[in-house]
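The values are calculated or read from the model by the stated rules, or taken from the named source; none is laboratory data. What you are looking at is a predicted structure, and each value in this text was computed from that prediction instead of being measured. We place every Cβ from the backbone using ideal geometry, glycine too, and count neighbours over all the protein chains shown.
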Amino acid sequence: MRRLLYVSIILLFSGGLYAQDSKLIIDNWDLSYESVLNQNQIRWDHSVGTLFTWLVDREKEHLYITNFIKKELAQNPEATFLIDHPTFPSAGRTTFLGIKKNGQCYYWWRSTDESMKEFKKRPMDPQLFQQVTDRLQAMRQRGYENMGGPEKAYAGFLSLFKDGQSKQILLHINDFMEFDMENQQILRVGKIFEIENSLLVKNN
């Protein structure tokens, strides 16, 4: 099982990069992700890229997701978080959009592994929302040393808006899980997987 997971992860990050023709920028979030990738000197080159396997040939899906997010953000939430990344190990896509508006908290969730074509809305306890946003706000973008370059180190995107401040960073593969490639073992689950599990477990 571990070997299968290892092979799947390698296959997932062996594809190319994908760029949107038009930028979708909301409150300093570039939902094409081109800005944050350019800031980190990640080349939009299919021959060297590994981050965008999950976006290749999925223009309609990406447009649907970004339009959905734009509609939610147009309602001016007090705070929000967006976690957007490949679904492991299928190379699908998982998106969590958390919203706090008028004191009410909820999140939208979509995962191709769950055969979900549309977003599903779930209520969120305000205390849990605060815990999640505090943990996400504390995250800093990891470096890509010893990972074979930035294209192989990063595995998704985190976007945040709180107290009038917004930021967007690349998620490192170790933010999902830390893996011992030499021994083909999972060492520990990362913060992003922990947070997503807390959302799904506590909101069933």
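The condition (being out of contact with any helix residue (DSSP H, G or I) (no Cβ under 7 Å at 6 or more places or on another chain) and modelled with pLDDT of 90 or more) is satisfied by just one residue among Glu178, Glu118, Glu151: Glu118. Output the number of residues of segment 154-175 satisfying the condition of being small (Gly, Ala, Ser), at pLDDT 85 or above and over 10 Å from the mean Cα position of the chain (by Cα). The qualifying residues number 1.
Among the residues that make up segment 106-115, is at least one of them over 17 Å from the mean Cα position of the chain (by Cα) and modelled with pLDDT under 95? Yes, segment 106-115 contains at least one residue that is over 17 Å from the mean Cα position of the chain (by Cα) and modelled with pLDDT under 95.
Taking segment 156-169 as the range and being crowded, with 16+ Cβ neighbours inside 10 Å and more than 14 Å from Ala138 (Cα to Cα) as the test, the residues that pass are Gly156, Phe157. For segment 149-170, how many residues are farther than 18 Å from Glu34 by Cβ and among the aromatic types (Phe, Trp, Tyr)? So the answer is 1.
Looking across segment 118-177, just one residue is of a type in the set (Val, Ile, Thr), touching a residue at least 60 places away in the same chain (Cβ under 8 Å) and within 22 Å of Tyr106 (Cβ to Cβ), and that is Val132.
Could we say that Lys71 is modelled with pLDDT of 95 or more and basic (Lys, Arg) here?
Values: modelled with pLDDT of 95 or more: no; basic (Lys, Arg): yes.
No, not satisfied.
Criterion applied to Arg135, Arg122, Arg188, Arg140 was being charged (D, E, K, R) and under 22 Å from Ile65 (Cβ atoms), and the one residue passing it is Arg122. When Met124 is tested against the conditions (1) more than 17 Å from Val201 (Cβ to Cβ); (2) surrounded by 16 or more Cβ atoms within 10 Å (Cβ to Cβ); (3) in contact with a Phe, Trp or Tyr (Cβ under 8 Å, 6 or more places away or on another chain), the lone failure is (1).
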